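For reference, the structure is listed below as structure tokens.
The values are calculated or read from the model by the stated rules, or taken from the named source; none is laboratory data. Not measured: the values here are computed from a predicted model. As a convention, Cβ positions derive from the backbone with ideal geometry for all residues, glycine included, and neighbour counts pool all protein chains shown. Just the protein is used for accessible areas: all its heavy atoms, side chains included, with ligands, DNA and RNA removed. Shrake-Rupley method; radii C 1.70, N 1.55, O 1.52, S 1.80 Å.
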Amino acid sequence: MEELKMQKVVVNGVDGNFGKLVAEYIQEMIPKNKLIFTAPQADKLKKYADLGIQTAVVDFNSPDELVKAFAHVDKVLLISMPFVGKKRRQAHKNFVEACVKARVRQVIYTSVLSAGNPFNPSVENADHGYTESIIQNTDLDYIFLRNSLFAEAFISDYLRAVNNHENSIEKNMGNGRVWFISRRDAALSAACALSDDQLHRATLNINGLEPFTYTDFLKVGNEVTGNQISYVKKTDQELYDYFDKIGVPRNTDGDFSKSPIQATSEGMVTFGTSVREGYLDVPMSDFYQLTGKDPTTVKYMFEHKDEFLLGDRHSTEK
């Protein structure tokens with residue numbers, strides 16, 4: 001019987017903060033001649049091409065490009081697009097349709113915790129739930145990686161407050177709990193899913209090691225850094241007013257050039273609402289079973305804070 005040959009594995013968005021980490025990990029798991037890395041701009045791919053990895057310039061708003069790039073591949077990673085709403089849903093729809101046309105075997109999608117819950121108030125949730133649904137309504141095999149909130153966003157915000165000589169941070173998270181995961185760990189889980197042939201039509205929770213209220217999170221940060229940042233609880237509207245005042249855009253169509261925070265106020269406020277109402281307090285985690293490692297602790301991330309920062313936005317699609 002002829003042995004089945006492993007086909008190509010595609011990692012999209014290797015120009016982004018998340019994608020470049022997946023690209024780093026996956027090279028240790030899958031031979032380079034089985035990999036294809038994509039990005040919307042050619043200059044972001046040169047370093048990988050120099051390593052002998054096949055590359056392709058792909059824009060998720062150009063379906064024909066997607067079908068061509070995904071032809072004769074086995075697995076494709078969809079890293080959720082860095083914009084929210086109709087634009088993202090259309091880009092994801094283009095991706096799914098291209099995978100079907102190209103006869104991709106399996107899609108790995110980076111989703112969020114509780115994406116399947118229609119009452120989750122996060123504006124992000126609608127996009128993730130929509131994407132999961134359209135994938136499930138095809139004959140594609142899939143692995144959904146439902147990530148918890150990335151600790152990097154909160155560590156970066158903590159350090160912003162410290163650098164601005166502030167003594168408090170305003171959030172609308174109430175006493176809700178989050179099992180913070182590092183972006184590095186989430187990227188590792190994506191690489192492991194790409195190299196795993198045992199998982200089929202699977203939905204996995206990618207959670208951190210332990211739950212934190214925001215008070216608990218600040219306590220760890222203060223103990224490690226020696227600062228004294230306190231938590232001021234705000235309502236959703238009070239937090240919107242604050243973000244508007246300091247120039248944080250409501251959505252991803254806004255101007256981030258003068259914003260002190262590289263995230264949208266809609267995203268942050270509605271995620272805070274989902275935390276406060278318990279939608280992200282999901283104790284079940286599949287991280288260890290998928291990766292064979294324990295997730296990075298919040299304490300370690302604060303101790304090595306320069307390695308766990310949010311980074312710049314990377315929305316390079318047309």
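For segment 150-169: of the residues being assigned to a helix (DSSP H, G or I) and of a type in the set (Gly, Ala, Ser), which is surrounded by the most Cβ atoms within 10 Å (Cβ to Cβ)?
Out of the qualifying residues, it is 151.
Let me spell it out: the conditions are (1) assigned to a loop (DSSP other than H, G, I, E, B); (2) open to solvent by less than 50 Å² (accessible area, probe 1.4 Å), and residue 98 meets all of them except one. Which number is the exception?
(1) is the only condition that residue 98 fails.
May I ask you to say which residue of 204, 199 is among the hydrophobic types (A, V, I, L, M, F, W, C), in a loop (DSSP other than H, G, I, E, B) and within 23 Å of the chain's Cα centre (by Cα)?
Answer to the check: 199.
Check segment 61-73 and report whether any residue there is basic (Lys, Arg), open to solvent by less than 70 Å² (accessible area, probe 1.4 Å) and in a helix (DSSP H, G or I).
no
Scan segment 122-144 residue by residue and report those that are assigned to a helix (DSSP H, G or I) and surrounded by 21 or more Cβ atoms within 10 Å (Cβ to Cβ).
If the condition is that a residue be assigned to a helix (DSSP H, G or I) and surrounded by 21 or more Cβ atoms within 10 Å (Cβ to Cβ), then 124, 125, 127, 128, 131, 135 are the ones that fit.
Considering only segment 212-232, I want to know if a residue exists there that is open to solvent by 60 Å² or more (accessible area, probe 1.4 Å) and closer than 30 Å to residue 32 by Cα.
No.
Given the criterion over 19 Å from residue 15 (Cα atoms), out of contact with any strand residue (DSSP E or B) (no Cβ under 9 Å at 6 or more places or on another chain) and either surrounded by fewer than 21 Cβ atoms within 10 Å (Cβ to Cβ) or modelled with pLDDT of 95 or more (or both), identify the matching residue among 105, 89.
Being over 19 Å from residue 15 (Cα atoms), out of contact with any strand residue (DSSP E or B) (no Cβ under 9 Å at 6 or more places or on another chain) and either surrounded by fewer than 21 Cβ atoms within 10 Å (Cβ to Cβ) or modelled with pLDDT of 95 or more (or both) holds for just one of 105, 89, which is 89.
Of these, 172, 147, which one is open to solvent by less than 20 Å² (accessible area, probe 1.4 Å) and over 21 Å from the mean Cα position of the chain (by Cα)?
After ruling out the rest, the residue left standing is 172.
When you check residue 264 against the structure, is it in contact with a Lys or Arg (Cβ under 7 Å, 6 or more places away or on another chain), open to solvent by less than 50 Å² (accessible area, probe 1.4 Å), in contact (Cβ under 8 Å) with a residue 60 or more places away in the chain and within 19 Å of residue 17 (Cα to Cα), yes or no?
When the stated conditions are applied, residue 264 passes them.
Taking the residues in segment 217-249 that are at pLDDT 95 or above and under 23 Å from the mean Cα position of the chain (by Cα) as candidates, determine which candidate is farthest from residue 166 (Cα to Cα).
217
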